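This report concerns only the one structure given below.
The values are calculated or read from the model by the stated rules, or taken from the named source; none is laboratory data. In this text the structure is predicted, and so the values were computed from the model without any measurement. Counting neighbours? That spans all protein chains shown, and the Cβs are built from the backbone with ideal geometry, glycine included.
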């Protein structure tokens, strides 16, 4: 399966090089965290995540063949986010596509008009780079197939995951439904540092409808970006031990997800969240992304689980907002818990009701 395309369009070709492609792609929430990278967006440790359902980016790519005098060696792109031109992200996408030009020269022969919207609010603790870059990668691979008809469905998904990774590491997992991993691991067949791997066929029924209530403790911008946080892992004194821990955690949670072992799932998921933020606090310079209300909510979740025996747990991304994970069968009681005890600690009492989802889909 070719991960790169070394073919140009012929300007005299009968290929219809004008059209529109659209994808809706979800974000994901990591259970075993990816924190630390090397080389060209390669992970220092394997990770695994639930694919979300309602937290999505919808992206539309319009394209046309450039005229004979246009520059065929440069990306020509305009980008709008939620109806308004967004030069900063447009420049990021242009740089991303420019990196692909040497192996995908046909991209320089087209003019692109790209637009996207999110189904979730900005700074909501949801990885918008994962949803947006996976949607973009699917648009690019669909375009390649439309022009060259060279990949089957499995190859298309693999290449889309490969390309998404180059734009945002965790985006490579959003290509797949339900549950996906990224990074080489002896616990997962065909796993790779280059692209994500689906584990949907080995997921226990209890996890196929798992709920994720995202508690918006704070919607302010992070003080330190994830990119900067990854960079700081290079000199973190606990990095080597952490990478080994992540490998062990992944091997354990893969089994738990397959057999429906909620106790192991809860233990590893919460420990991974705490470890992620401990690594931030032990970096040099250190940084702290947790808010006082984050700690209060964590304590309330643990107390609720102990008192009710409902198998609810939490995880955190690189920010203060909490993903509350639980089986669908306990939804009513957990929603009451959120409404009466947790939402007062959320900014403007806001939270997002999400769940494990079936992955990306074409918009037309």
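When you check residue 90 against the structure, is it under 19 Å from residue 20 (Cβ atoms), at pLDDT below 95 and assigned by TED's automatic domain parsing to the domain that holds residue 26, yes or no?
yes
Report, by residue number, each residue of region 79-103 that is in a strand (DSSP E or B) and loosely packed, with under 15 Cβ neighbours inside 10 Å.
84, 85
Given the conditions (1) in contact with a helix residue (DSSP H, G or I) (Cβ under 6 Å, 6 or more places away or on another chain); (2) loosely packed, with under 15 Cβ neighbours inside 10 Å; (3) without any contact (Cβ under 8 Å) to a residue 40 or more places away in the chain, and given that residue 260 satisfies all but one, which numbered condition is not satisfied?
Result: residue 260 fails condition (3) only.
Give the residues of region 199-212 that are farther than 24 Å from residue 362 by Cβ, in a loop (DSSP other than H, G, I, E, B) and free of Cβ contacts under 8 Å to residues at least 60 places away in the same chain, sorted by residue number.
Hit for region 199-212 is 204, nothing else.
Might you check whether a residue that is at pLDDT 95 or above, under 30 Å from residue 203 (Cβ atoms) and in contact with a strand residue (DSSP E or B) (Cβ under 7 Å, 6 or more places away or on another chain) occurs anywhere in region 59-80?
Yes, region 59-80 contains a residue that is at pLDDT 95 or above, under 30 Å from residue 203 (Cβ atoms) and in contact with a strand residue (DSSP E or B) (Cβ under 7 Å, 6 or more places away or on another chain).
Looking at region 213-235, which of its residues are without any contact (Cβ under 8 Å) to a residue 60 or more places away in the chain and either within 21 Å of residue 336 (Cα to Cα) or within 18 Å of the chain's Cα centre (by Cα) (or both)?
Hits for region 213-235 are 225, 227, 228.
When the residues of region 315-336 are filtered to those that are buried (at least 21 other Cβ atoms within 10 Å of the Cβ) and more than 18 Å from the chain's Cα centre (by Cα), which remaining residue is nearest to residue 33 (Cα to Cα)?
326
State the number of residues belonging to region 244-264 that are more than 20 Å from the chain's Cα centre (by Cα) and at negative phi.
Taking region 244-264 first, the residues more than 20 Å from the chain's Cα centre (by Cα) are 244-245, 248, 251-252, 255-256, 258-264.
Applying the additional criterion that residues be at negative phi yields 244-245, 248, 251-252, 255-256, 258-259, 261-264.
Residues flagged as more than 20 Å from the chain's Cα centre (by Cα) and at negative phi within region 244-264 amount to 13.
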